[in-house]
């Protein structure tokens, strides 16, 4: 029953289907078709569609925490100084590679009935990791959550979800759009870090 790389193909196919049709709107047989595997193989690797999403989110979160782990020792000033380069070389690549999953997470988190949005879990994990390292009496966990969520996470996820459509709609070259977005992001989120040392 094992098929080399089948699990990875299933996860990649699931992200594409979830992003295209929404998590609720997608079915296991569509994922099987997209992954080019029998439906039974999906159930060999995963109990349900919910478990597929959980695995995708766990993998995303683990990779994200590994990336931010490199910045938790920095002061706000050091983060502000490193932000332009980090946005261009690290976060951009990570975001592009995960843009379909980010779209799924974003949509799921926007549902009114959702009292525990996945986006909250991501920012919570990030801040918990940071607080663990920066045992600083001035460290305000609530302020950091708000700053990261509303001046970094939400704008970046919106950027990833809308960049192509924005470039087409407003007839702006994608490279120029990316450059302008990074500039505005650094002026807003970067300012938070710059003035909080």
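If I take every Cα pair under 8 Å that is 6 or more residues apart in the chain, average their sequence separation and divide by the length, what percent do I get for the relative contact order?
On the way: 145 pairs, mean separation 48.6, N = 197.
Averaging sequence separation for qualifying contacts and normalising by length gives 25 percent for the chain.
Shape of the range 78-132 from its Cα gyration tensor (a ≥ b ≥ c, root eigenvalues): rounded if a/c is under 1.5, otherwise prolate when a/b > b/c, or oblate?
On the way: a/c = 3.14, a/b = 1.44, b/c = 2.18.
It is oblate, given that a/c is not under 1.5 and a/b is not larger than b/c.
If the chain between residue 150 and residue 174 were fully stretched, how many nm would it gain, using 0.36 nm times the residue separation less the Cα-Cα distance?
Numbers: separation 24, 0.36 × 24 = 8.64 nm, distance 2.41 nm.
6.2 nm is the gain from fully extending residue 150 to residue 174.
When a/c reaches 1.5 or more, the comparison of a/b and b/c decides; with that in mind, is the chain rounded, prolate or oblate per its Cα gyration tensor?
Taking the square roots of the gyration eigenvalues as a ≥ b ≥ c, the chain is prolate.
Taking neighbour counts of Cβ atoms within 10 Å as a proxy for exposure, in what order, fewest first, do 167, 22 appear? Before the final figure, lay out the partial values.
Details: 167 16, 22 13.
Going from sparsest to densest Cβ surroundings: 22, 167.
Every read-out reported here was derived from the displayed coordinates using simple, explicitly stated rules and does not represent laboratory data. Remember, it's a predicted structure, so these values are computed and weren't measured experimentally. Cβ sites come from the backbone with ideal geometry, for glycine too, and all protein chains shown count toward neighbours.
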